[in-house]
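Asker: Can you read through this structure? Questions will come right after.
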Amino acid sequence: MVERNNSANTHAGVEARLSEYLDHRLAAHEHARIEQHLRECAECRASYESLRWTIALVKQAPAPALPRAFTLPVPTVAQRAARPSLAFGFAQFATVLATLLLLAVIGVDLITQFGGGTIASAPSVAKQFAAPATAPAAPTTAARDQAAEAAKPAQAPKPAEPTKPAAPTAAPKPTMAPQPTAVPPAAALPAPMSVLPTPTAPRTVVGALPETTETKGATDTTTAKSSSATPAFRAGLAITATATLPAPTATLAPTSTATSVPPTATALTSLTIVAQARAEATRAPAPTQVPPATAQPLVTPLRVIEVGLLILVVFFGATVVMLWRRK
Amino acid sequence: MDEQTFIRAAQKGDGAAFNQLVRGYQHQVYRTAYRVLGDAASAQDATQDAFIAAYKHIRAFRGGSFKAWLLRIVTNACYDQLRVKQRRPSASLDAMLLDPDNPAPGLERAASESPQDFAERQELGATIQRGLAILPHDQRMTLALVDIEGLSYDEAADALSTNVGTVKSRLSRARAALRDFLVQQQELLPARYRLNSEKV
């Protein structure tokens, strides 16, 4: 009974280790013990043979043919590294650069418009187109100055001081440019005085007013219409027409000056001086050569650059989004 | 270039290098999946899923046996396919494989093999596939990896994410169960593949 149990245990133990025995995975002494048992036990040997046969059959079984290739449609390193990322980086850089440039140009444009004071608003531009300021403001201020001097003939002529209050608001440089020639002090600059009609000959100068309005032509329509108005009103209109449009404040200043002139002989004198200044302005080449500072077109190069940069920003931004989605 | 070079290149994102690895292992991977799953369609799905997963996670490969690493992915893909088949049982090719009149399709034929030998080997393959189908999944996978694909115990343990002792016990039980099945079915085998034949 004990021998039978030992034999069964031995058979079961050998059977359990036959797989490792076949693969030579047992220790040397265990392998030798199984080998010894197989020589003595026909039952275990038959089990061993059947197991070896099974493994041989499995290894002889035909392999299934590969139905297709399983390679993946993945990009190569060159494709991954070079094309998408380089294009993506370039598009990102171009977008940022174009955006910064656009902001810079917009900033320059805003500073030019509101900081420099060249163009205050669209109505002023419209006024420019309606009545171009061919004569700058300097002769007007000079005329006002001389009108004041005519009202006080005992005082010595002074340089044009009324231009200073208008300077901070009106366009400064074109207004100041013709000053030395338009407002000549009598003592300092005798030559222009000899050319221009003097304030002491009002009749001839008054007769010259239509000439200057005629020389102004159709552009100075306000002055032409003022020929039938009162002298003071005519003087005010004349000053307004000539001093119009460096800036909106420049139009206000002569009007106040005109209202301050009483409709008396002084008004006639001031009108005479206006005519002087206008005649000088038409004769002197410098004011006509100086471009009007406020004559800035609506389509400026800055605007063109802004639109171009905006198009670039949109284009490169769309490219970045497209490449990002593809990634 | 050797395998390690391709692996390093693939880890850097080189798809061409990874496809070289695919070409080197696709037969083995598909064969394993076919032995485990028993039908060509599921084996194709598992093989494709395994290579896609391998491509996605190849940076996680830290050396060792690339074959074992790849076969571990395949076994996981096979488990996924088996779960799908259990949830949605259908008249799959398993039924065809169990049919003696309908041998397994698409078996490779050796160049020097006669048509009769190839037909007999097809019968053998179908019988073995039926025997594998009766084994539990883990035993079937262990037997496929060790006896069919030739992995060592250590490699099989690595591929199955288990230890060597488990591989030994699973393999022993799988061989014994398949032996019992083949002994019972040996009358259906061609004469040269029977137990007492000298050719085996």
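No value in this document is a laboratory result; all are computed from the given coordinates. Please read all numbers here as calculations on a predicted model, not as lab measurements. Cβ placement follows ideal geometry from the backbone for every residue including glycine, while neighbour counts extend to all protein chains displayed.
Asker: Quote to one decimal, in nm, the extra length available between B:ASN163 and B:LYS85 on full extension: 0.36 nm per residue of separation minus the C-alpha distance between them. Don't jump to the answer; show the numbers that get you there.
Answerer: Details: separation 78, 0.36 × 78 = 28.08 nm, distance 2.75 nm.
25.3 nm is the gain from fully extending B:ASN163 to B:LYS85.
Asker: Taking 26 Å as the cut-off for C-alpha to C-alpha distance, list the pairs among A:LYS59/B:LYS168; B:LYS67/B:LYS168; B:LYS56/B:LYS168; B:LYS12/B:LYS85 that go past it.
Answerer: On the way: A:LYS59/B:LYS168 18 Å; B:LYS67/B:LYS168 20 Å; B:LYS56/B:LYS168 32 Å; B:LYS12/B:LYS85 36 Å.
Listed pairs above 26 Å: B:LYS56/B:LYS168; B:LYS12/B:LYS85.
Asker: How far apart, in nm, are the 7 Å Cα→Cβ label points at B:LEU195 and A:HIS11?
Answerer: 1.4 nm
Asker: Suppose a student asked you for the relative contact order of segment B:1-90, using Cα pairs under 8 Å spaced at least 6 residues apart; what percent would you report?
Answerer: 28 percent
Asker: How many Å³ per residue does the convex hull of the Cα positions in chain B occupy? Provide the component values of the computation, followed by the final result.
Answerer: Working: hull volume 28.1 nm³, N = 200.
Normalising the Cα hull of chain B by residue number yields 140 Å³.
Asker: If you don't mind, there's one more thing I want to ask. Test of understanding: ordering B:LYS67, B:LYS56, B:LYS12 by Cβ neighbours within 10 Å, fewest first, what list do you get? Intermediate results must be reported in sequence, preceding the final value.
Answerer: Details: B:LYS67 19, B:LYS56 10, B:LYS12 13.
Starting with the residue having the fewest Cβ neighbours, the order is B:LYS56, B:LYS12, B:LYS67.
Asker: In addition: Quick one: compute the contact order of chain B, relative version, from alpha carbon pairs under 8 angstrom and 6+ residues apart, as a percent. Please list the in-between numbers first.
Answerer: Working: 194 pairs, mean separation 38.4, N = 200.
Worked out over chain B, it gives 19 percent.
Asker: Right, something else. With the cut-off at 1.5 for a/c, could you classify segment A:2-56 from its C-alpha gyration tensor as rounded, prolate or oblate? Let's see the in-between values first.
Answerer: Values: a/c = 2.04, a/b = 1.34, b/c = 1.52.
Oblate shape, in that a/c is at least 1.5 and b/c is the bigger or equal ratio.
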